[in-house]
Amino acid sequence: MTLAKRVGVLFFWVLLVLVTAVVTAAIKQRSADGPNRVFSGGALVSGELYQGPEPDWSFVNSIPTIEMQLLDPEQSRRVWTASANGKIYVWSGYMNSTVGKLWKSWPAQAVQDGRAVFRVNGVRYERQLVRLTSGAGLESLMAMVNEKYASRATPAAIDSGDVWMFEARPRARSAEQTPAGDPS
Amino acid sequence: MSRLFPRALAVIAVTAASVWFIPGLDDGVELAFQLVVLLASR
């Protein structure tokens with residue numbers, strides 16, 4: 001067996017082990033209580049369910065990421081978040097890129113059914129994700145996003161659809177009956 | 001060459017069982033994957 005062939009065989013086995021390990025870890029995480037680092041998790045189960053007046057969400061500006069679960073499908077992931085004027089927002093970038101279209105499925109799922117659960121500091125909050133398709137009036141939010149994550153997001157990126165911005169509103173019965181995307 | 005397929009299946013089974021059942025191994029795999037993605041995206 002030539003040296004090149006030996007190296008090729010070794011590469012095959014190492015690659016097989018690595019791919020199997022990553023796929024297994026990702027599948028295992030799907031049944032866990034929440035996401036871990038980058039792999040999606042299952043439903044957010046643990047943690048007190050918040051019941052009370054709408055909080056001032058500005059405290060999330062000091063938290064790197066939060067856990068977010070959609071109700072349909074029941075999958076959770078770790079997302080960036082920011083608050084402006086006491087409201088909480090989550091978003092997904094690179095939505096006009098090929099990678100974004102292939103990889104990021106939750107934004108489209110959230111438009112279909114915006115019911116979500118956030119878990120922040122071990123407390124769960126029921127929310128309703130409403131997509132904002134215009135960046136007008138979101139200058140202070142985008143300034144906070146850029147300060148927090150050292151990004152260069154602009155309201156124009158929301159207008160162009162490259163960033164899908166969602167306001168996470170309180171989830172009430174009336175909100176559940178409101179069609180996704182309807183800000184009323 | 002004829003034994004390649006069963007050998008590959010055995011490797012997949014042992015690797016998957018190890019990641020699934022050994023505590024902390026799945027987290028280590030995910031951390032390594034995260035680092036690879038971060039480096040590749042730079």
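The values are calculated or read from the model by the stated rules, or taken from the named source; none is laboratory data. Fair warning: this is a prediction, and the values are worked out from it, not measured in the lab. We place every Cβ from the backbone using ideal geometry, glycine too, and count neighbours over all the protein chains shown.
Within the stretch B:2-17, the set of residues being among the polar types (S, T, N, Q) and not in a loop (DSSP other than H, G, I, E, B) comprises B:T15 only. Within the stretch B:18-34, the set of residues being more than 7 Å from every other protein chain (Cβ to nearest Cβ) and closer than 19 Å to A:R78 by Cα comprises B:G28, B:A32.
Every residue, every condition in (1) under 17 Å from the mean Cα position of the chain (by Cα); (2) under 29 Å from A:G52 (Cβ atoms); (3) surrounded by fewer than 11 Cβ atoms within 10 Å (Cβ to Cβ); (4) modelled with pLDDT of 95 or more, yes or no:
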site: A:A150; (1), (2), (3), (4): no, no, yes, no
site: A:T154; (1), (2), (3), (4): no, no, no, no
site: A:A157; (1), (2), (3), (4): no, no, no, no
site: A:M165; (1), (2), (3), (4): yes, yes, no, yes
site: A:A168; (1), (2), (3), (4): yes, yes, no, yes
site: A:E176; (1), (2), (3), (4): no, yes, no, no
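Any residue at all in the stretch B:1-14 that's of a type in the set (S, T, N, Q) and either facing chain A (nearest Cβ under 8 Å) or within 23 Å of A:N36 (Cβ to Cβ) (or both)? No, the conditions are met nowhere in the stretch B:1-14.
Evaluating B:L39 against the criteria (1) loosely packed, with under 14 Cβ neighbours inside 10 Å; (2) modelled with pLDDT of 95 or more; (3) over 14 Å from A:W13 (Cα atoms) leaves one unmet condition, (2).
Contact map, the stretch A:83-99: residues that are under 13 Å from A:A168 (Cα atoms) paired with residues that are of a type in the set (F, W, Y) and crowded, with 21+ Cβ neighbours inside 10 Å, Cβ distance under 9 Å, separation 6+ or inter-chain. Pairs shown: A:S83/A:Y89; A:I88/A:F118; A:I88/A:Y125; A:Y89/A:F166; A:V90/A:F118; A:V90/A:F166; A:W91/A:W164; A:W91/A:F166.
Every condition in (1) out of contact with any helix residue (DSSP H, G or I) (no Cβ under 7 Å at 6 or more places or on another chain); (2) surrounded by 15 or more Cβ atoms within 10 Å (Cβ to Cβ); (3) of a type in the set (V, I, T) holds for A:T2 except the one numbered (2). Within the span defined as the stretch A:58-80, every residue fails to be assigned to a helix (DSSP H, G or I), under 30 Å from B:L4 (Cβ atoms) and away from chain B (no Cβ under 13 Å). Can you confirm whether the stretch A:72-92 contains a residue that is among the aromatic types (F, W, Y), out of contact with any helix residue (DSSP H, G or I) (no Cβ under 9 Å at 6 or more places or on another chain) and crowded, with 20+ Cβ neighbours inside 10 Å? No, there is no match, as no residue in the stretch A:72-92 is among the aromatic types (F, W, Y), out of contact with any helix residue (DSSP H, G or I) (no Cβ under 9 Å at 6 or more places or on another chain) and crowded, with 20+ Cβ neighbours inside 10 Å. From the list A:V45, A:V60, the one residue that fits, being of a type outside the set (G, A, S), more than 16 Å from the chain's Cα centre (by Cα) and at pLDDT 95 or above, is A:V45.
Among the residues of this structure, B:L39 counts as one that is more than 9 Å from chain A (Cβ to nearest Cβ) and assigned to a helix (DSSP H, G or I).
Within the stretch A:24-53, the set of residues being among the charged types (D, E, K, R) and assigned to a loop (DSSP other than H, G, I, E, B) comprises A:D33, A:R37.
Please verify whether the stretch A:25-36 includes one or more residues that are among the hydroxyl-bearing types (S, T, Y), within 13 Å of chain B (Cβ to nearest Cβ) and within 22 Å of the chain's Cα centre (by Cα). The answer is yes; a qualifying residue exists. Scanning the stretch A:104-130 for residues that are in a strand (DSSP E or B) and surrounded by fewer than 18 Cβ atoms within 10 Å (Cβ to Cβ) returns A:R115, A:V123.
Taking (1) outside any helix (DSSP H, G or I); (2) at negative phi in turn, A:Y94 satisfies each apart from (2).
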